[in-house]
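As structure tokens, the structure follows; a few thoughts come after it.
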Amino acid sequence: MKRLVIFGVGKITDVAYHHFIRDGEYEVVGFTCDAAWLPPSGTHYGLPVVPFETIERHYPPESVALFAAIGYHELNAVRAQKCAEAKAKGYTLASYVSPRADLGPWVEVGENCLILDGVGIQPGAKIGHNVSLWNNVLIGHHSTVHDHCWIAAGATLGGVATLGERCFVGLNATVGGELSIGADSFLGAATLVLKSTPARSVFIAPGTEKFRLASDEFLRMTRMAAIGPGRK
């Protein structure tokens, strides 16, 4: 079994760690992070956490692969930078592709990707390096997701669409087919984009307004309306 060190000790690390150990392709042997963030215990999930600055002394590049489990901070730039630093140190970057994802051998997946349960990737699609696809994302046929993107759960990218580098796509957002989203764009939760857009574009959908009644008042009113006079 291949040995793996995960960069990070936060929430994204926890997600990645549990998926890697659940499916057994890698043996997670330790964690690493920048020295300033080392936990006081020096461990995470009972495994050693070593400074990234000196990781080669503990886990030489030829002995382990590395996965950078970092969120979409600064439109994924922080994660992209850490991947570049790991590559410069000589490490191979692992990817996690869930066996519960719906994809076939037609899919090209880059390094340091995180593809979770329920993701659907249709024929002709290409996934770049350092891409995170959360649960139930759909990538349409012949679409391209370029490097360093983050697509949150439930989002849809239509067929023959292109997502530029370092984009963020929020929960349940929809990108139509046969269009391009420029690099460094931010698509908020539940947005709908049906035209091509240049780099650094931002789309935000308004949130639902809070209803005027409290929950108990609302339920009482709707129950009475549903039952009606003389009904039980």
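The values are calculated or read from the model by the stated rules, or taken from the named source; none is laboratory data. Source: prediction; values computed, not measured. Please note: Cβ atoms are built from the backbone with ideal geometry, for glycine as well, and neighbour counts cover all protein chains shown. Areas reflect the complete protein model, heavy atoms only, side chains present, ligands, DNA and RNA absent. Shrake-Rupley method; radii C 1.70, N 1.55, O 1.52, S 1.80 Å.
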Can you count the Lys pairs in the chain with C-alpha separation below 21 Å, eight or more apart or on different chains? 4
Hey, if you drop one equal point scatterer on each alpha-carbon of segment 42-141 and run the Debye formula without solvent, what base-10 log of I(q)/I(0) do you get at q = 0.20 Å⁻¹? -1.05
Along each of the three principal axes of the Cα atoms of segment 87-198, give the extent in whole Å, ordering the values from largest to smallest. 40, 30, 23
Under 11 Å from the Cβ of Asn135, count the other residues' Cβ atoms, weight Lys and Arg +1, Asp and Glu -1, and hand me the total. 0
Relative contact order for the chain, counting Cα pairs under 8 Å that sit 6 or more residues apart, in percent: 10
Keeping the other protein chains in place, figure out the carbon and sulfur percent of the accessible area of the chain, with a 1.4 Å probe. 57
Rg(Cα)/(2.2 N^0.38 Å) for segment 1-85, N = residue count: 1.02
Cα-centred dipole magnitude for segment 4-153, charges only on beta-carbon of K, R (+1) and D, E (-1), debye, nearest 20: 140
If amide hydrogens are placed 1.01 Å from N in the peptide plane, which non-local residues have theirs closer than 5 Å to the one on Leu192? Thr174
Selected from Ala189, Ala36, Ala155 as most flexible by GNM, with the chain as the system and alpha-carbon contacts under 10 Å: Ala36
Projected area of segment 126-178, taken from the Cα convex hull and averaged over every viewing direction, in nm²? 2.8
With Rg/Rh (Cα atoms, Kirkwood Rh) defined as stated, name the option among [x] 0.98; [y] 1.10; [z] 0.95 computed from the structure displayed. [y]
Report for segment 11-135 the percent antiparallel among DSSP-assigned beta bridges with both residues inside it, nearest 5. 15
Considering the options Leu75, His129, Leu4, tell which one lies farthest towards the positive end of the dipole of the chain, charges being +1 on Lys and Arg and -1 on Asp and Glu at the Cβ, about the Cα centre. Leu75
Given a 1.4 Å probe, how much area per residue of the chain is accessible, in Å²? 52
Simple label model, 7 Å out from Cα along Cβ direction - Ala88 to Arg200, nm: 2.5
Given a cut-off of 19 Å, what percent of all Cα-Cα pairs of segment 138-232 lie beyond it? 48
Simple label model, 7 Å out from Cα along Cβ direction - Glu217 to His142, nm: 5.5
Among DSSP beta bridges lying fully in the chain, give the percent that are antiparallel, nearest 5. 5
